[in-house]
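Enquirer: Structure provided below as structure tokens; questions to follow.
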Amino acid sequence: MSARVSTKSFLPLLNIEKETKRWNQLYKVMTEPKPDIIPTPRKCVWKKNKTTLWYHPAKEKKHAVPVFLVYSLLNKVYILDVGEGSSVVGGLTERGYDVYLLDWGTPGLEDADLTLENYIIDYLENALKRAIRHSGAKEMSLMGYCLGGTMAAILASITSLPIKNLVLAAVPIDFSIGTVPQKWLDGIQNGELSFDRFANAYQTLPSEFLYLMFKLITPLNAATMANLYTRAHDEIYVEKWRRMDKWTKDAQAFTGAAFKQFFNDFYKENKLLKGELVMDGRKVDLKNIKCPLFVFSCSRDTLIAEKQSLPIMDLVSSEDKTYEVYEGGHVSLVLTGVFAEIMDPWLSTRSHDLQEIRS
Amino acid sequence: MSKEKTYDLFAGYKLLSEMWEKQLMDLLFKATDNKEFVRTANIGLDLHSRYMERVRKNQEFIAALMNIPTKKDVANAAKMSIQAEEKFDSLEEQVWNLQDGLASFSKENLTFLQEIINTINQMKAESLKTKAELAETKKIKTDLQDLRQGLVDIKILQVNLQEMCKELEGLKVIQAELKDSLTHQEPPKTDRGLEELRQEIAQLAEIKSEIASLKELMGKEKERKQKKEPEKELVLPGASTTK
């Protein structure tokens, strides 16, 4: 009797309803077009070339200091606004922050000469200036993710604009180390591997090349597919998975000049860490960052190692600085919307609560 | 506890996939972590770049021959619109600066005007006070003139009184003379003298009544003077406490 019970409990009981749902969902994923990404309610504040500054008003404003979000040039804008329930922007607006998001747009051949300097000074700094003017706030919190974090840190160290708080997530600061094989890094550093001629030939690197580059870093995605098969009966999960899948395959084009600068100034010479980087005649010294700083890394990040972010904690002059490690991956941090959850407790205490001001 | 566990096919699949992926990733990582791979990749990149350069060069050459625009021409046209956009932005910023300048200027003007209005209001209040004080002063002036006139009258009365006193003294002398003549009995003179004496006594009675009325007047003037003096102290323009 007991043997029969144990065999029965060992064998999987086929839940017809669940399985039908699972395979229907899987069929839907395979056959239907990629989902449309519906952004959090927004308003265009400024446009320049392909760049757009979006304003996402808070659902119920609770904090006087708005948040300005900067994402990586290697990503599409919806990495921070992937849809309701998973959006970083949506999470922040729900928590009472006015959010400004700088959409880099997709560069074309005419933008081939745009360097990181152009992006930081002509686009990012101008956008921040306009966001401050639009909000009417005296200060603004600056938040950067991935390479957007590096750009935000550079801007914070050279600008005279009032930055209240600086939040950096999965940010590379030290480029002498990485998640790619060491010999690749050595090759870039000693000039054995150069992308200059390649960037010159293409002028603006097509999105397909960027997709291949990321594929070279993480060539397999069996775990992602396994996750889908395992949880395909869960409609909400499948919806989120589809949005994430769309983003993963929707790579971004990159301007040749910025690509060369990225590899030469950052990976080859590590100028940011050494304090040798110059932007628009202004020396980038991270010591100039004096505002409260919050940095967090991802424990299972396959793109940016924790060691790459850590040096900034010693380089800045900020007295109020916090470092945290999030248990998760580089992309899941933003595509699940957990970013807003992690950031809120730290940021809310430093964003002038409106209720406190009123009382 | 282990007996209660059921076998989940998908959980097992997931576990195995993750394991395999990790193993394969490690293998690929190790396989590519060498100088040869890097050199080969660089050669591949160079060859591909050279090929792309040639393609672009030929593309431009053929397009020029065929007199058709290439993507480069379109990009050049787009660059011009970007430049125009940048100029608009810079103009917009200049307008902002002007707006800000004007706003701060008008704010300064507003505070300045506010100060002027305050000063005018203060001056208006003070002028009203001065006007009231002036009216008081005029009143005092007329009172003073009245007093002066009164004093002149008093002086005239004094002179009159002095004259009367002299006359009285004269009368006293006449009286004494009369007494003397009465005692020496000079009748013809006495009758005339008596008549004169009666007339003088009548005059004296009149004078006495006049003196009494003058004394009464003087008393009244003194009282008036005493009443006016405290008012004078209050309305002196130099003694104003408000400014």
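The values are calculated or read from the model by the stated rules, or taken from the named source; none is laboratory data. Only a predicted model underlies this, so the values are computations on that prediction, with no experimental measurement involved. Cβ atoms come from the backbone with ideal geometry, glycine included; neighbour counts cover every protein chain shown.
Enquirer: Any idea how many residues of region A:132-160 are touching a Pro at 6+ places or on another chain (Cβ under 8 Å) and within 14 Å of chain B (Cβ to nearest Cβ)?
Expert: Summing the residues that are touching a Pro at 6+ places or on another chain (Cβ under 8 Å) and within 14 Å of chain B (Cβ to nearest Cβ) in region A:132-160 gives 1.
Enquirer: Which one of these is away from every other protein chain (no Cβ under 14 Å), touching a strand residue (DSSP E or B) at 6+ places or on another chain (Cβ under 8 Å) and not basic (Lys, Arg): A:Val278, A:Val295?
Expert: Testing whether each residue is away from every other protein chain (no Cβ under 14 Å), touching a strand residue (DSSP E or B) at 6+ places or on another chain (Cβ under 8 Å) and not basic (Lys, Arg) leaves just A:Val295.
Enquirer: Of all helices (runs of 4 or more DSSP H) completely enclosed by region A:178-295, which ones contain at least 1 residues that are within 23 Å of the chain's Cα centre (by Cα)?
Expert: Where helices (runs of 4 or more DSSP H) fall fully within region A:178-295 and carry at least 1 residues being within 23 Å of the chain's Cα centre (by Cα), they are A:182-189, A:207-217, A:222-230, A:235-249, A:256-261, A:271-274.
Enquirer: Turning to a different aspect of this structure: Look at A:Lys183 and say whether it is without any contact (Cβ under 8 Å) to a residue 60 or more places away in the chain and facing another protein chain (nearest Cβ under 7 Å).
Expert: Details: without any contact (Cβ under 8 Å) to a residue 60 or more places away in the chain: yes; facing another protein chain (nearest Cβ under 7 Å): yes.
When the stated conditions are applied, A:Lys183 passes them.
Enquirer: What about A:Glu208, is it acidic (Asp, Glu), out of contact with any Gly (no Cβ under 9 Å at 6 or more places or on another chain) and either crowded, with 18+ Cβ neighbours inside 10 Å or on the phi < 0 side of the Ramachandran plot (or both)?
Expert: Yes, satisfied.
Enquirer: Only one of (1) at pLDDT below 95; (2) over 36 Å from the mean Cα position of the chain (by Cα); (3) part of a helix (DSSP H, G or I); (4) not acidic (Asp, Glu) is not met by B:Leu47, so which one is it?
Expert: (1)
Enquirer: Quick check on A:Asp301: is it under 30 Å from A:Tyr237 (Cα atoms) and among the charged types (D, E, K, R)?
Expert: Numbers: under 30 Å from A:Tyr237 (Cα atoms): yes; among the charged types (D, E, K, R): yes.
Considered against the rule, which asks whether it is under 30 Å from A:Tyr237 (Cα atoms) and among the charged types (D, E, K, R), A:Asp301 comes out as yes.
Enquirer: Say whether the condition of being in a helix (DSSP H, G or I), facing chain A (nearest Cβ under 7 Å) and farther than 30 Å from A:Asn49 by Cβ is met by at least one residue in region B:58-79.
Expert: Looking through region B:58-79, none of the residues is in a helix (DSSP H, G or I), facing chain A (nearest Cβ under 7 Å) and farther than 30 Å from A:Asn49 by Cβ.
Enquirer: Would you confirm whether or not region A:240-256 contains a residue that is over 25 Å from A:Pro39 (Cα atoms), surrounded by fewer than 21 Cβ atoms within 10 Å (Cβ to Cβ) and of a type outside the set (A, V, I, L, M)?
Expert: No, the conditions are met nowhere in region A:240-256.
Enquirer: Within region A:303-325, work out how many residues are farther than 24 Å from A:Ile121 by Cα, surrounded by fewer than 15 Cβ atoms within 10 Å (Cβ to Cβ) and hydroxyl-bearing (Ser, Thr, Tyr).
Expert: Looking only at that region, the number is 1.
Enquirer: Let me ask something additional. Of everything in region A:304-341, what is part of a loop (DSSP other than H, G, I, E, B), in contact with a Ser or Thr (Cβ under 6 Å, 6 or more places away or on another chain) and closer than 25 Å to B:Met25 by Cα? Give them in sequence order.
Expert: If the condition is that a residue be part of a loop (DSSP other than H, G, I, E, B), in contact with a Ser or Thr (Cβ under 6 Å, 6 or more places away or on another chain) and closer than 25 Å to B:Met25 by Cα, then A:Ala305, A:Glu327, A:Thr336 are the ones that fit.
Enquirer: If I ask for residues that are surrounded by 11 or more Cβ atoms within 10 Å (Cβ to Cβ), closer than 16 Å to A:Met225 by Cβ and either without any contact (Cβ under 8 Å) to a residue 12 or more places away in the chain or of a type in the set (Ser, Thr, Tyr) (or both), which ones from region A:17-37 would you list?
Expert: A:Tyr27
Enquirer: Also, quick follow-up: Quick check: anything in region B:125-141 surrounded by 10 or more Cβ atoms within 10 Å (Cβ to Cβ), within 14 Å of chain A (Cβ to nearest Cβ) and not aliphatic (A, V, I, L, M)?
Expert: No: zero hits.
Enquirer: I want to confirm something. Restricting to region A:77-116 and keeping residues that are among the charged types (D, E, K, R) and surrounded by 19 or more Cβ atoms within 10 Å (Cβ to Cβ), which single residue is farthest from B:Lys79 (Cα to Cα)?
Expert: Filtering region A:77-116 for residues that are among the charged types (D, E, K, R) and surrounded by 19 or more Cβ atoms within 10 Å (Cβ to Cβ), the one farthest from B:Lys79 (Cα to Cα) comes out as A:Arg95.
Yes/no matrix, rows are residues, columns are (1) under 24 Å from A:Lys271 (Cα atoms); (2) touching a strand residue (DSSP E or B) at 6+ places or on another chain (Cβ under 7 Å); (3) touching a residue at least 24 places away in the same chain (Cβ under 8 Å):
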position: A:Leu74; (1), (2), (3): yes, yes, yes
position: A:Gly85; (1), (2), (3): no, no, yes
position: A:Thr93; (1), (2), (3): no, yes, yes
position: A:Tyr97; (1), (2), (3): no, yes, yes
position: A:Gly144; (1), (2), (3): yes, yes, yes
position: A:Ala152; (1), (2), (3): yes, yes, yes
position: A:Ile177; (1), (2), (3): yes, no, yes
